1. Name the GluC sites (Glu not before Pro) in the range 139-221 that are in a loop by DSSP and that have at most 14 other C-beta atoms within 10 Å, would you?
2. How far apart, in nm, are the 7 Å Cα→Cβ label points at D237 and A301?
3. Give the relative contact order (percent, whole number) for the range 40-258; include only Cα pairs under 8 Å separated by 6+ residues.
4. Which percent, to the nearest 5, of DSSP beta bridges fully inside the chain are antiparallel?
5. Please enumerate, by chain and number, the aspartates and glutamates with C-alpha under 13 Å from the C-alpha of K210, excluding those fewer than 8 residues away in the same chain.
6. Multiplying the sequence separation of E198 and R314 by 0.36 nm and subtracting their Cα-Cα distance, what value in nm do you get?
7. In the range 3-44, which chymotrypsin sites (Phe, Trp or Tyr not before Pro) fall in coil by DSSP and have 12 or fewer other Cβ atoms within 10 Å?
8. What length, rounded to one decimal in nm, is gained on full extension from E127 through to R3, with 0.36 nm per residue of separation minus their alpha-carbon distance?
Amino acid sequence: MSRFWNPLVASLHPYIPGEQPQFLDILKLNTNELPYGPSPAALTAMREGCEDSLRLYPDPTAKTLREVIAQTYDTSIDRVFVGNGSDEVLGHAFRALISPESPMLFADVSYGFYPVYCGLFDQPYQEIPLNARFEIDVEDYAIPCGGIAIANPNANTGHAIPLEAISRLASMQPDRTIIIDEAYVDFGAQSAIRLTEEHDNLLVVQTLSKSRALAGLRVGYAIGHPDLIEGLVRVKDSFNSYPLSRLAQTGAAAAIADDKWLTQTTRQVMATRERFVQNLAGLGFDILPSCANFVLVHHPAHQAGDLLAGLRERHIIVRQLSAPRIRDWLRITIGTDAEMSRLIGALASMGLTTR
Ligand SMILES: Cc1ncc(COP(=O)(O)O)c(C=O)c1O
């Protein structure tokens, strides 16, 4: 607390990002980054972009990048918004497109930034409990609200809901914005981008941080009806007109155009995930079925905090999250096959035995 803080700042509960350790000999499976480097085409484009034109401001509308995104998803440029990571895109969406008169709705176990934005924007919210299988039931969201955010696949559980459910939800709440946060969609779920053509209240948000292996670049985007996009642009241009650097725009455009790389790497991650899940099951873990590049796991005989500490002693970091219902669960990012074998070996060395 400082006497220089205004009452809003004093009341905030900021998001706590996963640790980014500064030492090297660590297996980092805590923030759902990809274990593989990004598309070589993206790296080449950024290297070539390191030249004198960096003295100029970037295009504030990021036209070329938005054109590539529009082409990739077979839509038009006026339906595309880009920002500095999907965190920023989500923040603008909460600011621009949610009604402050009623509580916003999101799941009690989901992306931890949603309540943080609500705190920052003084937006009331209500957390809707996942069902007993840790899944979202869209019927639970058919209540008066200021708007809805759903991560699909859901953050921290990995569960994905079908497009038919999203379509039903959009029809149940025709006058409220439904934000579908698809940070993990490329690892086995279906994107709702097509549905934005039928539902003018649906905004789909994606990121280059996960499946495109560019968390360090900070690029995210949203696709939806031009009225929604214009709302986002109004907020952006009232805050920071140049959220994406020249290099970010260039690298992101090349990464998004490299579909072959995306297919190859996401397939690899999904194959590793299936093998890893079998090995974990052999050690007695309960594992939620995941369509993401992580799994949420629980061991009936070992507390999550003990496992976290034991793995850390062995230089492996995974994530324990604060949502009450998953306090005794661990979220583990899918790395390479070799990395997941190292993790299984570490668990075995802690006394967890194979069945
Ligand atoms: C569900 C979800 N949405 C959005 C983000 C933010 O991603 P970024 O800001 O890196 O694009 C994350 C990051 O972990 C996430 O898990």
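FYI, it's all coordinate maths here, none of it is from the lab. Computed from a predicted model, the values in this text were never measured in an experiment. For neighbour counting, all protein chains shown are included, and Cβ atoms are generated from backbone atoms with ideal geometry for every residue, glycine included.
1. When the GluC sites (Glu not before Pro) of the range 139-221 are filtered for loop state and at most 14 Cβ neighbours within 10 Å, E198 remain.
2. 6.3 nm
3. 30 percent
4. Roughly 50 percent of the beta bridges in the chain run antiparallel, per DSSP.
5. The qualifying aspartates and glutamates are E33, D87, D181, E182, D186.
6. Extra length from E198 to R314 when fully extended: 36.7 nm.
7. Hits after loop and neighbour filter: F4, W5, F23.
8. Here the segment from E127 to R3 would lengthen by 41.4 nm.
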